[in-house]
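Read-outs: derived from the displayed coordinates by stated rules, not from any lab. Just so it is clear, the structure is predicted and the values come from calculations on it, not from any experiment. Positions of Cβ are generated from backbone atoms using ideal geometry, with glycine treated the same way; all protein chains shown enter the neighbour counts.
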């Protein structure tokens with residue numbers, strides 16, 4: 001049985017801009033075979049969208065919450081859905 005691809009939407013709070021956080025997230029996502037993007041938000045958060053298998057998305061979420069990221073992550077608010085597709089690669093936006 002084939003799993004439906006998942007979509008992770010994660011809002012990352014903390015000191016996560018200007019510290020290489022988006023680049024680090026992109027590298028981890030590509031290692032996991034995920035597509036999507038990491039985008040800075042005006043209020044200092046980073047919004048991460050990742051699509052792929054649910055286990056790989058869960059691994060990325062665990063990494064975002066691990067404390068081993070660039071900068072300082074205070075909170076990650078995650079939401080799950082079904083992948084929408086149409087995204088190629090993983091971008092820093």
Inset, instruction - Mind giving me the nanometre distance, one decimal, between the label points for residue 78 and residue 23, set 7 Å out from Cα along Cα→Cβ? - result: 2.6 nm
Inset, instruction - For helix 21-31, report the angle its Cα long axis makes with the longest principal axis of the Cα atoms of the chain; keep it between 0 and 90° and round to the nearest 10°. - result: 20 degrees
Inset, instruction - Just round it to a whole percent: the fraction of Cα-Cα distances in the chain exceeding 15 Å. - result: 53 percent
Legend entry - Part-to-part distance (alpha-carbon centres) for the range 1-57 and the range 79-93, which is given in Å: 9 Å
Inset, instruction - Over the Cα atoms of the range 5-49, compute the convex hull volume and normalise it per residue, giving Å³. - result: 62 Å³
Inset, instruction - Round to the nearest 0.05 the FRET efficiency obtained for residue 13 and residue 88 when R0 = 41 Å and r is the Cβ-Cβ distance. - result: 0.90
Inset, instruction - Only Cα pairs under 8 Å and at least 6 apart count here; give the relative contact order of the range 6-92 as a rounded whole percent. - result: 48 percent
Inset, instruction - Any chance you could give the angle, 0 to 90 degrees and rounded to 10, that helix 54-64 forms with the longest Cα principal axis of the chain? - result: 10 degrees
Inset, instruction - Distance from a point 7 Å along Cα→Cβ of residue 54 to each backbone N in the range 20-42: keep the residues under 20 Å and list them by number. - result: 32-36
